[in-house]
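S.K.: Could you have a look at this structure, given as structure tokens, before my questions?
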Amino acid sequence: MPAIINTDNAELAQSVIDIIKTCYDPEIPIDIWELGLIYEINIDNENNLNVKMTLTSPSCPVAETLPPEVEDKLRDVKGVRSAKIEITFEPPWEKDMMSEVAQLELGFM
């Protein structure tokens with residue numbers, strides 16, 4: 001399930017995705033973009049960023065650290081005025097949400 005991207009600023013959206021790809025779930029050696037943990041990216045006309053993401057499970061050991069790490073990195077993206085991470089578990093994450101790249105790397109394909 002690819003992330004929904006809502007913005008008129010494709011260049012800034014790509015910069016956001018590039019930074020998200022530097023964030024990893026420490027238990028799985030795949031970045032959170034390829035894992036399919038990012039559900040939605042919203043950038044308004046003033047370049048305020050809201051990212052809706054999930055975790056591999058509600059009891060994920062990095063639930064307290066990963067979202068703030070991602071949010072901090074996104075605040076540093078050139079052009080982003082503010083950044084906020086929203087955690088959701090709807091729909092629940094499933095391994096089918098991973099990209100083909102991630103599935104291949106983890107031996108699921």
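Here, each number is a calculation from the coordinates, and none is a lab measurement. Since the model is a prediction, treat every value here as computed from it, not as a measurement. For neighbour counting, all protein chains shown are included, and Cβ atoms are generated from backbone atoms with ideal geometry for every residue, glycine included.
S.K.: Can you give me the angle between helix 10-20 and the longest principal axis of the chain, using Cα atoms only, in degrees from 0 to 90, rounded to the nearest 10?
M.R.: 40
S.K.: Looking only at the range 4-105, where both bridge partners belong to it, what percent of the DSSP beta bridges are antiparallel (to the nearest 5)?
M.R.: 40
S.K.: Additional query: May I ask you to sort ARG75, ARG81 by Cβ crowding, counting other Cβ atoms within 10 Å and putting the fewest first?
M.R.: ARG81, ARG75
S.K.: Moving to a separate point now. Taking only the C-alpha atoms, wrap a convex hull around the range 4-105 and report its volume per residue in Å³ as a whole number.
M.R.: 92
S.K.: Can you tell me the orientation of helix 66-75 relative to the chain, as the angle in degrees between its alpha-carbon axis and the longest Cα principal axis, to the nearest 10?
M.R.: 30
S.K.: Listing LYS78, LYS95 from the residue with the fewest other Cβ atoms within 10 Å to the one with the most, what is the order?
M.R.: In increasing order of surrounding Cβ atoms, one gets LYS78, LYS95.
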